[in-house]
Structures are given as structure tokens and as C-alpha cells.
1. So what are the ³J(HN,Hα) numbers for the range A:368-383, from phi and the Karplus equation (6.51, -1.76, 1.60; θ = phi - 60°), rounded to whole Hz, Gly and Pro as x?
2. Enumerate the calculated ³J(HN,Hα) couplings along the range A:70-79 in order (Karplus 6.51 cos²θ - 1.76 cosθ + 1.60, θ = phi - 60°), each rounded to whole Hz, writing x wherever the residue is Gly or Pro.
3. With the Cα gyration tensor of the protein assembly as shown giving a ≥ b ≥ c as the square roots of its eigenvalues, does the rule (a/c under 1.5 for rounded; else a/b larger than b/c for prolate; else oblate) give rounded, prolate or oblate?
4. If the limit is 21 Å between Cα atoms, which of A:K187/A:K401; B:K203/B:K297; A:K104/A:K366; A:K187/A:K395 go over it?
5. Taking the Cα atoms of the range A:93-133, what is the range of coordinates along each of the three principal axes, in descending order and whole Å?
6. Which of A:S272, B:S256, A:S72 sits closest to the plus end of the dipole of the protein assembly as shown, meaning its Cα is farthest towards the positive end, when Lys and Arg get +1 and Asp and Glu get -1 on the C-beta?
7. Between B:N204 and B:I54, what is the label-point separation in nm under the 7 Å Cα-to-beta-carbon projection?
8. Counting only other chains, what is the mean number of Cβ atoms within 10 angstrom of the Cβ of each residue in peptide B:68-78?
Amino acid sequence: MSRSFIATAKSVLSNIGVLSSKKVSRSGACCSAFLVRCSSTKTGKANEDKPGFAGIENCEWSYKLDFLNAASKGSIPVYRVLGVDGALKNEAELPSLSQETIVKMYKTMVSINQMDRVLYDSQRQGRISFYMTSYGEEATHVGSAAALDMRDVVYAQYREVGVLLWRGYTFQSAINQCFGNSQDPGKGRQMPVHYGSPQHNFVTISSTLATQMPQAVGHAYALKQKSPGTIVICYFGEGAASEGDAHAAFNFATTLRCPVIFFCRNNGYAISTPTKDQYAGDGIASRGVGYGMPVIRVDGNDILAIYNATKAAKQLSVAENVPVLIEAMTYRVGHHSTSDDWTAYRSTEEVSYWTEIDHPIYRLRKFMDERNMWDSNSEEQFIKGLRKEIMQCFKKAETFKKPDPLSVLGDVFSEETKSIKLEKEKLLKHLQTHGDKYNLNQYEPLGSSESS
Amino acid sequence: MNMFQAIVNALDITLGKDPSAIVFGEDVAFGGVFRCTMGLREKYGEQRVFNTPICEQGIAGFGIGAAVGGCKAVAEIQFADYIYPAFDQLVNEAAKYRYRSGDLFNCGGLTIRSPCSAVGHVIPRGAYQAKGLLRACINTPDPCLFFEPKVLYRSAEDHVPIEDYELPLGKADIVRPGKDMTLIGWGTQVHVLLDVAEEVFSKNGTECEVIDLQSIIPWDLETVCESVCKTGRVIVSHEAQLTSGFGAEVAAAIQSNCFLNLEAPIERVCGLDTPFPHVLEPFYMPTKWKLIEAVEKLLAF
């Protein structure tokens, strides 16, 4: 090696503080040894054969300039068990579920659908303030819920009510929450569809997107110590996955080895924003690879595939204390919410494919029909009974008054502070004189929410 | 003990008493950039004392979830200036968890500690307060923000009891009683106020009552009003910017509750309405001299 090369190398390396002048050799033979030593690794291994940098393990050298191109890698394939027509694609993948369970899965999907219709219409009629339907995504709720235990904790986004219904949350509770009446377990504090239920291990929904994701990871960390074998499932949409909290969650889950299933409902739209404006990479599943977690992409309208994937994900998560990412490809058939009208940004032709051909309820129905698990008679009876039940719950919900106005100041802290108490007294006094301006007869009596 | 030693001690007691307690944040494993977690990982293991990636929103969100899951989660935000990415998780999530769920869920087990200048929710002025207030924050069933004035980590030394103790949250401390004027502050600024009180006392016998608020939310309106009704003159002082600093809230509450007892307008001596400067910091700060000037102005009213 030339002297000028050694001089250049020495100055470069001393500028970046790697090397003291003592280590620099004068002869050519020692020079390559010095160059090797100066980039030696934390392991102390010479890295002529294999890189040994602090920042990466187990990789190889490349002596050809080439960019790793996402496009050339191709997309992660979509796992499915049933065809669009309900035909079993691979006998070996059929889950061993009893007829009873499959029928329950079907009934739960239909229940979501029917409840959605009633509550959506009730908002249009001005009886509740807001609603979000789950049309087209019923299998993502029920397939995943069916694969888990009741003690597995659920952190959801807002379009996962089927998970609650599967677990036994009643229509009455859901409708009470939508009304925000005095029977609402959430005490009328939030908008409709912001369900929560400790008995069903379903953490209360919050409106902010993706905030539940790092929380799900923290909860999973706690479960490692408190309840090994239990996992957290965290639902989110492909739009929410753009938030910083999603990145935070994926990174924490992998580095801290948390038993959490990240379940992404990729339904094609975030309100009006199609996926092509949401991301340019290979969906959400490909990101999981970058963080170092196992991933699978699934046909979100194939309830049996969802079931299989979730069940396997839980087994993997528990066995190795790792997060698993499931990206369920589906389609949001309905409007984003009652504040949205999808005719403004997509065609009826596009939507009709997902209502008439590739629909989760329809596909399971075909599967069940083939095996004589269901028929049109059962369907008729079931829907009739369901509608009656939902309407009864709805009517009952309407009879309840709104919560005690003074409860507006409750639960800010675990124990009421002096300042809150003062505000409450002030509000009470105001309402005692000006109560007639507030339609107080629609509310439970003032102070009735205080525990004695 | 000095303040950072008191904090290590408080965390040691926490980890020792509660098997569900975890301590985490950036660089906490080796002992922390301010030494506040020294020796804890060696003593309690890597499952309970651990590093996180550099992501404040993740630290806050993770902490909330761990608390919901039943842990005493003590999160560190390395510098209070870095807390803003966690704003959404703290303001929209942690603070509202119990309320918005109708008390079905809460993250009371969460405590966030952060070295700061002198702004915060619970903020100790010394080592003795640091240990007691931190233990109280950790034990209270509400999420807490505990700010540690880093300038006091080494300089604030106290006789700190070895055993476990708590100081009440939401309670102010009358550090120096007096009848002529009330001086209210928190954290580092309390020491400046004490200095001012001593100076004006030796100069002309003015007795200033110095109050350390200690907790910002909830804060001790009662103690403050009792003092102001006695003295009739009050200065609120903090390092944070003047406009919409917490001093504004204190001043508004005082005038509403003590109007007829006031002998002079309420004065605030605070940081300038600018970002925190570097070389020109001495001119930004609510200095002893600015305070003495304010004391004299109020006495002359």
C-alpha cells in the first residue's frame, strides 16, 4: 500500500476518533491487518469473512452494488381457506370446529349486521347522535374472537363490535351505550360505539387512532408476569397504521418481547382516503418484517382463514413471547360513519362486488349449506327473532333517562378533589335556580349518581 | 442524600414493595443519564428495569397499557423538553382514561418522571420532598407527572429518612412563615423566594411567607387563600413563560376568592414570553432582583 494511502486512511480514521496513532503500522503487510483491526467488532472477531458490526447480526458482505427493491420482491401472499363461493380450497387447512361453533360464528356475524342496520337507521332518524357500521368486516371480528379465550385482552379501534358480541356482550348494553342513557356502563361519557367492558376483557374504545397500540403492548408486557399464556389482541385499520403510535407499538413489542397480536383490518379506505394515498409499500404486513416479527396476510372475508391465522398467532406468541402481525384484507362496504357518504368518492360498481360476491357472511353461508348446517328456514326464523330482540332492546333503551347531570364531574380522579367538589356544588346551585332551562326531566335526578 | 439519591431510593423501595412495579425509559438500564436508576437493574432484574427504544409516545403509551394491565409503571422521559411526542398519550389518553370509560378502566398505576427546569405537575424543591412526593405519586390510583428540577439533583441535600414515607399530594408547604407578603412558587424557584425573603427581611424587616405549591393539579387553594387573606399582598413566581403559565391560574383563583383582602394587585414574576435562551438565560429568568423589585412595588402600593 502506498504511503499516501496510509496517510489518508490515518487522517480519516483519527478524525472519526477510531484509532490512535500507535496502531498505525508502516509496512504494507501490517497495513491490511491494521485496517482490519481498526474496524474490528464488539465481538473482537475479524470481519474479513463476515460483517460483525454492533448494529446488525448474521449478515453477509456484498461486493456488487445493488439496491434492494421492494417491487422486485413481490407482495406477501394472501392466505385463505375458502373460495369466494365458499368452497374449501385445501382440506388440510379446515379447522376442527364443531357445527355448533360454526353456526355460532354465522349467527354472530348476522347479529352484527342486523344490529348495525337498526342503529344506523336510528341515527338517521335522530334518535342517537352517531354510529359506525361494520358491514363487510364481520368475519374479521368473529373469526379472530372465536380463536381466542375470554381472558385474552382486547384493545380495539372502533369497528370491532363483533368481538364483544362473540364474548357475550348484550345488545342491550351496546344500545344503552349508543344512547348514553343512565344504564350505559360508560356513563354517557363518550360518543356511540365507544364500548368497553372489563367483564369481557375489552378495553374502552377511544376516538384517537392508534393510541391503543402501544398501550396494548404495555398491557401484554404486564401479562407476561401476571398471567402467562394470556395475550393481548390489538385491532387497528390500515389508516391508523400510518400513525407514529403504530411504529412505537411495533418497535416496543419486538424489542421487549410482548405477547400481542397486531390485527390490522385493511379495508381499503380511511374515510375517503384509498390505500394508494395511505402507503406505497406492500401493505401493513411487510412492515412487520422490518421490525422483526412474524407476519401473515389473510383473506379478511374468509372467516375460517381468520380463525386459523389468529389461533396460530396466539400459539406462536405465547410459545416465544413475540408479537405477531396479521393483516386481514377486507372491504369497508358501508360509509365510514353516519357523518360520511361514500358515493362522494367511490363507485357503486366497486362496492357491489363486495356486497354481492365477496362477502364474509355469504361465503360462510355457502360453506354451511354444502354441509347441511343451515337452511333458508333457519335463516328466516333466526333473523325474525333477532330483529324482534334488537327492537325490544332498542325500545327499552329509549325508556331510560340520561345520566344524573352532576355525574359530569365524576371519575376525573379516583377520589373527588376539593376543587371538583366546589365545582359540583356550584353546578348544583346553578341548576337549582335555572334548572328549567336544561330539560332536567330528561335526566336522572340531581345527585342520584352519588354513592351513599 | 441529594435529590437523585433520594429518587433512586424511592424507586428501590417501590420495586422492593410491589412485585408488579416496573421502571423503564431511555438509558435507565445502566443507571440513567442523571443516575436516577443506579443499581436497580442489578438488584431487580432485566424484566423489571429496562431500556426502551427512543420513542416518548411509545414510552407513555406502553406505560398506560402496563398500568391498565395492573403494573405500577414508572416511566422516565429523559428530558421534560422531549415530552411533547407523548402529549397525545398523556392528555387524550392517560388523563381521560377513568373519566371516559365511566370508571370501567383506569391507568392509575402510571407515574411519569422527568428531569426538567421548573415546570410540572408534582415538583419537589429538595431531596426530602422528592422521595416523599414520588412515593405518593407511585401509590396514588391516578396517573401522575413527576418533574425533577435537574439543577437540584446534586445541589439539594437533605436528611432523608431511609424508611418509606409519603408526602400528601395536592398540599402546599409553608416553608417560611410571614405576615407581610405571600410569595408562591414551586421547585427550584422556592429557593429563590427564600433568598428574597431573607434579603428583604434583613433590609427592612419585611416578613414574607414563602409557599411551595408542590402539586399543580390538584393544587392547594386553601393554604394559598389563608395566607393571602392574612398578608394582603402576593407574588406568584415561576420559571415558565409568563403568559398562561400556571401563575395565571393561581392569580385568577386568588383574586376571585380573596378580592376584598387584597391590598395590592397580584404580581407575577416569571420567565419571559420566549423560548428558553442559552447565553441570555440570566435575563430570561425570574431573578432574585426582579422579585425584590416586585416586593418593593407591592409594599409601596
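The values are calculated or read from the model by the stated rules, or taken from the named source; none is laboratory data. None of these values were measured; they are calculated from a predicted model. Positions of Cβ are backbone-derived with ideal geometry, glycine not excepted, and every protein chain shown enters the neighbour counts. Note: areas computed on protein heavy atoms with side chains; ligands, DNA, RNA excluded. Shrake-Rupley method; radii C 1.70, N 1.55, O 1.52, S 1.80 Å.
1. Taking θ as phi minus 60°, the curve returns 5, 4, 4, 10, 6, 8, 8, 8, 5, 5, 4, 4, 4, 4, 5, 4 Hz for the range A:368-383.
2. Whole-Hz 3J(HN,Hα) from phi for the range A:70-79: 4, 5, 6, 6, x, 7, 5, x, 9, 7.
3. oblate
4. Violating the 21 Å Cα-Cα cut-off are zero pairs.
5. Cα spread of the range A:93-133 along its principal axes, largest to smallest: 45, 17, 9 Å.
6. The listed residue farthest towards the positive side: A:S72.
7. 5.3
8. The per-residue average across the peptide is 4.
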